[in-house]
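> Quick one: the structure is below, questions incoming.
The values are calculated or read from the model by the stated rules, or taken from the named source; none is laboratory data. Everything numeric here is computed off the predicted structure, so don't read it as measured data. Here Cβ is always computed from backbone atoms with ideal geometry, including for glycine, and neighbour counts include all displayed protein chains.
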Amino acid sequence: MVDKSKGIFHHRISDRKELRKYVKGRVLDIGIKDGYFWNQNKPRNVIGIDLIYYKGFVDLIADARYLPFKDKSFDTTVITEVFEHINPKDREKVIREIERVTKEVVIISAPSRAEINMYDNEKIHPHRKNPSWLFDDESFIKLVDKFEGKKLLFYIRGMYYEGYGCVIFLKR
C-alpha cells in the first residue's frame, strides 16, 4: 500500500530521467523505443525490449505480457511511458511478469490526463486514442499498489509533460 501519511507524492521532479539514480545492476527496459530514459545512449547492462525494432536500442521484440526471461533475471526493470498503451484489463498480467523477472527495483513513469500530454509538435498525440488509459492521482496509485514492496512516488512536471513516477523496492 502507498503510505499516505507524508502526502501521496514524496517528491517533485521535472523529468523521468531523474529516476535513473535508482537503477541497480542488470536492467530490463520494457518499451525502450529510442532510449529516451538513457539519453539515447543505452548502457551495456540494459536489455531493451519493445514491440517495434529501434536500431541500437531494442535487443528483442517482445510483449510485456509474456516476458521471455527466466525468473529474477534482472536487478531492475524500467517501464516508462508504457502502461498508458496497455489495455487496463492486461495491466495485472504485465505487473506479474515484471515481478517475476525482477529481483530488486521497478521504475515506472506514466503520463497524467493533463492537456499538455495530448499534443506533440502541434499534431494530435497518440494519447488521444485512449485518453481513459492515461492516469490521474488515484488511478496511478491503484496501479502501483498492485506491486509488492516499498514505494517512492513522484509527481513529474516539465515544460512539455505532466505525469507520475514510482520507484518500487520489491519485497523478497
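> For the stretch 50-57, indicate whether the set of residues that are surrounded by 15 or more Cβ atoms within 10 Å (Cβ to Cβ), at pLDDT 95 or above and either of a type in the set (D, E, K, R) or out of contact with any strand residue (DSSP E or B) (no Cβ under 9 Å at 6 or more places or on another chain) (or both) is non-empty.
Yes.
> Could you check the stretch 39-95 and list, in sequence order, the residues that are charged (D, E, K, R) and touching a residue at least 24 places away in the same chain (Cβ under 8 Å)?
Arg65, Lys70, Asp71, Lys72, Asp75, Glu81, Glu84, Asp90, Arg91, Glu92, Lys93, listed by residue number.
> Output the residue which, of all residues in the stretch 122-172 that are at pLDDT below 80 and part of a helix (DSSP H, G or I), is farthest from Val78 (Cα to Cα).
Among those that are at pLDDT below 80 and part of a helix (DSSP H, G or I), it is Arg128.
Each row is one residue, and each column tells you yes or no for (1) part of a strand (DSSP E or B); (2) farther than 23 Å from Trp133 by Cα.
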residue	(1), (2)
Asp34	no, no
Pro43	no, yes
Gly48	yes, yes
Phe57	no, yes
Asp71	no, yes
Val78	yes, no
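> For the stretch 94-115: of the residues being assigned to a helix (DSSP H, G or I) and among the acidic types (Asp, Glu), which is farthest from the chain's Cα centre (by Cα)?
If we take residues in the stretch 94-115 being assigned to a helix (DSSP H, G or I) and among the acidic types (Asp, Glu), then Glu115 is farthest from the chain's Cα centre (by Cα).
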